[in-house]
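The values are calculated or read from the model by the stated rules, or taken from the named source; none is laboratory data. Note that the structure is predicted; figures quoted are calculated from it, not measured. Here the Cβ is made from the backbone with ideal geometry for all residues, glycine too, and neighbour counts use every protein chain on show. Just so you know, the surface numbers come from the protein's heavy atoms only, side chains and all, with ligands and any DNA or RNA stripped out. Shrake-Rupley method; radii C 1.70, N 1.55, O 1.52, S 1.80 Å.
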Amino acid sequence: MDSSVPLFDFAAVWSSRTLLLEGFGIAMFCATAAIILAMIIGLLIALMRLSNSRFLRGFAFVYTQLFRGVPLYVLVIWVYFGLAIVADINLPKIPAGIITLALLNSGYLSETFRSGILAVNIGQSEAAAAIGLTKRQIKRYIVLPQAFRIVLAPSGNQFVDAIKDTAILSIIGVPELMRMAQQQADLFYRPFEFYTTAGILYFIAVMGVTKLFSFIEKKMNRIGFTNGSQKVANVGEYI
Amino acid sequence: MGKYDFSWRIIEEHLPELMKGLIITLQISVAGMAFALLFGLFFATLRFSQYRVLNVISNSIVQVGRSLPLFVLLFWIYYGLSLKFKINFSDFQAGAIALGITGGAYMAEVFRGGIKAIDQGQSDAAFAIGLNRMQTSRLIVLPQAIRIILPQTVNIYVGLLKGATIVSVIGVSDMIYVAQYVSLETFRPFELYSFAGVVFIALTLSVASFAWLLERQLSGKSRRG
């Protein structure tokens, strides 16, 4: 290496800090929007899988298997380019990215929610039925609030995965952190510095979210909201 | 509608190339998994070490490994490291290492959980009948831990298999890469990516259902035994 060029030079990174932070903001926005959407869809799919209708159950099963099996790379290309080709739906980049992440995460979250709902003791629903609540009321006031506490930790993990997954959205040109880092790295010819910085930013985001969720969980435990030790594992569903 | 006429023949014509790509995908995911098992076992062992420093170091490395997106790791290793320190990994090596780091961080947790799940009484009993530390680990703890670990390990492999789809961004000629360049030649991105997607869904679902079967089988056995 030319001796006049310093080995590490983070000045370039500093000079593009606004771009990187903007990308970071967009990444966090995409992840947050996607996880909120995914929770709504995931809950619906989970309820479908637990419903009495054979058709709904079948649909929910296929939905879950499909979106848990498809790689994000393929899904994002399919949503962004595929929909445009097949159905003439031209989504802008950021919404396409959010929809992709929401679809993917809803597949995982629906399974989490389903096992969370099943983990609520059956005695709870029986007691509720005994005091005369309707089926809908039992779901709404008895089962779901308790299931919520069980699925909190795995949902936090899913949020973390969504943040990490935003990096792949750079493939379709969403101007998120990785895309910005790539562009700036090419511009300054300093890939090591830029990718290290990007890595540090992702690390901070992931740690922040992890700490936030364990804080909420602790808070709930202290109030006595927890209902036992059943936790839903979702190890291995992370890329 | 009707603007785009589908031509699935393109898949048939390029099937040999796509299959060659699929084999590279499988190879890189297996290589990544091998690294992941090594890293995972290494860092899990460190976390059980008597030295606090080693615990803290291994814990931090696992945390960092779990927090970094695979995409960032790929670029960091392939472009960052090679340019800075003149470590020239081939694209395949860089991909396998990146997969190994991500998977290894998760495997470390799986190993740790599996080893911790074994009742302390088991090792106490083993010590009592005169086995040494090494023998206790090898003959008593590990065989029981594997039963707990195996299904989760297969799940992690599924994750790596899906992760292996993005190694094409650094130029590994996997199935996605083949789909990409064939679609540039033939202007048939939809058919090619759809095919790749279907193959991956079939692949991950079959491996995942294998994990599910394994879990049922093993938990049934342990209940009886």
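Remarks
- For the range B:205-221, the criterion of being in contact with a Ser or Thr (Cβ under 8 Å, 6 or more places away or on another chain) and modelled with pLDDT under 90 is met by none of the residues.
- Among (1) modelled with pLDDT under 90; (2) open to solvent by less than 20 Å² (accessible area, probe 1.4 Å); (3) within 14 Å of chain B (Cβ to nearest Cβ), the one test that A:Val151 misses: (3)
- The residues of the range A:59-75 that are of a type in the set (Ser, Thr, Tyr) and either buried (at least 22 other Cβ atoms within 10 Å of the Cβ) or within 22 Å of B:Glu191 (Cβ to Cβ) (or both), listed by number, are A:Thr64, A:Tyr73.
- Qualifying residue in the range A:187-200 (condition: more than 8 Å from every other protein chain (Cβ to nearest Cβ), open to solvent by 40 Å² or more (accessible area, probe 1.4 Å), modelled with pLDDT of 85 or more and part of a loop (DSSP other than H, G, I, E, B)): no
- With respect to (1) open to solvent by less than 50 Å² (accessible area, probe 1.4 Å); (2) more than 18 Å from the chain's Cα centre (by Cα); (3) not acidic (Asp, Glu), the lone exception for A:Trp78 is condition (1).
- Number of positions in the range B:67-92 that are of a type in the set (S, T, N, Q) and either surrounded by 19 or more Cβ atoms within 10 Å (Cβ to Cβ) or farther than 25 Å from A:Ala181 by Cα (or both): 1
- Candidate set: the range B:113-131, residues that are in contact with a helix residue (DSSP H, G or I) (Cβ under 8 Å, 6 or more places away or on another chain) and in a loop (DSSP other than H, G, I, E, B); chosen: the one farthest from B:Pro151 (Cα to Cα): B:Leu131
- Scan of the range B:93-104 for residues that are more than 14 Å from chain A (Cβ to nearest Cβ) and either open to solvent by 30 Å² or more (accessible area, probe 1.4 Å) or among the β-branched types (Val, Ile, Thr) (or both), ordered by number: B:Gln93, B:Ile97
- B:Phe190 being of a type in the set (Phe, Trp, Tyr), farther than 17 Å from B:Gly114 by Cβ and open to solvent by less than 50 Å² (accessible area, probe 1.4 Å): yes
- Some residue of the range B:154-161 being without any contact (Cβ under 8 Å) to a residue 60 or more places away in the chain, open to solvent by 20 Å² or more (accessible area, probe 1.4 Å), among the polar types (S, T, N, Q) and more than 8 Å from chain A (Cβ to nearest Cβ): no
- Condition met for B:Phe111 (within 18 Å of the chain's Cα centre (by Cα), aromatic (Phe, Trp, Tyr) and closer than 29 Å to B:Glu13 by Cα): no
- Number of positions in the range B:38-75 that are within 14 Å of the chain's Cα centre (by Cα) and away from every other protein chain (no Cβ under 14 Å): 3
- Looking across B:Met107, B:Met134, one residue alone is of a type in the set (A, V, I, L, M), open to solvent by less than 40 Å² (accessible area, probe 1.4 Å) and in a helix (DSSP H, G or I). It is B:Met107.
- Evaluation of B:Phe35 against (1) at the interface with chain A (Cβ under 9 Å from one of its Cβ atoms); (2) open to solvent by 70 Å² or more (accessible area, probe 1.4 Å); (3) under 19 Å from B:Val154 (Cα atoms) (one fails), failing number: (1)
- The range A:63-77 residues that are facing chain B (nearest Cβ under 7 Å), paired with ones that are aromatic (Phe, Trp, Tyr) and part of a helix (DSSP H, G or I) (beta carbon under 6 Å, 6 or more apart): A:Pro71/B:Phe200; A:Val74/B:Tyr193; A:Ile77/B:Tyr193
- Selected residue [in a helix (DSSP H, G or I), touching a helix residue (DSSP H, G or I) at 6+ places or on another chain (Cβ under 9 Å) and of a type outside the set (Ser, Thr, Tyr)] from B:Phe89, B:Phe42, B:Phe6: B:Phe42
- Criterion: away from chain B (no Cβ under 11 Å), open to solvent by less than 60 Å² (accessible area, probe 1.4 Å), in a helix (DSSP H, G or I) and over 27 Å from A:Ala167 (Cα atoms) - qualifying residue of A:Ala33, A:Ala46, A:Ala38: A:Ala46
- Residue within the range B:76-92 that is among the hydroxyl-bearing types (Ser, Thr, Tyr), within 12 Å of chain A (Cβ to nearest Cβ) and touching a Leu at 6+ places or on another chain (Cβ under 7 Å) present: no
- Condition met for B:Ala125 (surrounded by 13 or more Cβ atoms within 10 Å (Cβ to Cβ), more than 8 Å from chain A (Cβ to nearest Cβ) and not acidic (Asp, Glu)): yes
- The set of residues in the range A:71-129 that are outside any helix (DSSP H, G or I) and closer than 17 Å to A:Ala162 by Cβ contains only A:Pro71.
- Of the criteria (1) more than 25 Å from B:Trp212 (Cβ to Cβ); (2) in a helix (DSSP H, G or I); (3) touching an Asp or Glu at 6+ places or on another chain (Cβ under 6 Å), which one B:Pro151 fails: (1)
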